[in-house]
1. Any chance segment 133-152 includes a residue that's touching a Gly at 6+ places or on another chain (Cβ under 8 Å) and among the β-branched types (V, I, T)?
2. Mind checking which residues of segment 125-139 are open to solvent by less than 90 Å² (accessible area, probe 1.4 Å) and in a helix (DSSP H, G or I)?
3. Would you pick out the residues in segment 37-85 that are out of contact with any strand residue (DSSP E or B) (no Cβ under 6 Å at 6 or more places or on another chain) and aliphatic (A, V, I, L, M)?
4. For segment 40-61, enumerate the residues that are within 19 Å of M137 (Cα to Cα) and out of contact with any helix residue (DSSP H, G or I) (no Cβ under 6 Å at 6 or more places or on another chain).
5. Restrict the check to segment 106-124 and report whether at least one residue is more than 16 Å from the chain's Cα centre (by Cα), under 19 Å from N2 (Cα atoms) and without any contact (Cβ under 8 Å) to a residue 40 or more places away in the chain.
6. So, in segment 102-124, how many residues would count as being outside any loop (DSSP other than H, G, I, E, B) and farther than 12 Å from P78 by Cβ?
7. Name the residues in segment 108-124 that are buried (at least 17 other Cβ atoms within 10 Å of the Cβ) and at pLDDT 95 or above, would you?
8. Name every residue in segment 41-82 that is among the β-branched types (V, I, T) and over 13 Å from G23 (Cβ atoms), in order of residue number.
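The values are calculated or read from the model by the stated rules, or taken from the named source; none is laboratory data. All of these numbers come straight from a predicted model, not from anything done at the bench. Heads up, the Cβs are rebuilt from the backbone with ideal geometry, glycines too, and the neighbour counts pull from every protein chain shown. In case anyone asks, the SASA skips ligands and DNA or RNA and just uses the protein heavy atoms, side chains included. Shrake-Rupley method; radii C 1.70, N 1.55, O 1.52, S 1.80 Å.
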Amino acid sequence: MNFMNQAFLSAKRALSHDDVPIGAVIIKDNKIIARGENRVQTDKNPTKHAEIVAINKACKKLDTKFLDGCDLYVTLEPCAMCATAISFARIKNIYFAATDEKGGGITTNAKIFETDKHLWKPNIIQMPEYADKSAEMLREFFKQQRNNKKKTL
């Protein structure tokens, strides 16, 4: 199973409720144990990023606060908040599609894992072969948002 494509399916679910199209899946023993999509607009909660939603579901499913041995696939580089949550959850590997020049917390901007202050540092793997797909989904979403604003003015 292609786990990044599964994360993109979650991103499409975010689109269905007018949230930024970012999706995530958490894997344990080569099986999806949790899915998450952005729910910031739907739940009116700025912490409901795809990664946080997936982490909450995985912890509940496994009845644990740590996700040792789990991998996270996400369509966009996690922000600093999500990267910190990933560290606290002790996720083993982060696979992400596109970098986030404005809000990224791993390879751009905050670069939170570049300090040795974190209790847990995951392996970080960018999957550039999916970057264009992620970037295009985001561009189309924000273009549509701008067009909708113009219509209401």
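1. Scanning segment 133-152 turns up no residue that is touching a Gly at 6+ places or on another chain (Cβ under 8 Å) and among the β-branched types (V, I, T).
2. P128, Y130, A131, K133, S134, A135, E136, M137, L138
3. V40, I52, I55, L62, L67, A80, M81, A83, A85
4. Result: V40, Q41, T42, A50.
5. No; the residues of segment 106-124 include none that is more than 16 Å from the chain's Cα centre (by Cα), under 19 Å from N2 (Cα atoms) and without any contact (Cβ under 8 Å) to a residue 40 or more places away in the chain.
6. Summing the residues that are outside any loop (DSSP other than H, G, I, E, B) and farther than 12 Å from P78 by Cβ in segment 102-124 gives 2.
7. Result: P122, single match.
8. Correct list: T42, T47, I55, T64.
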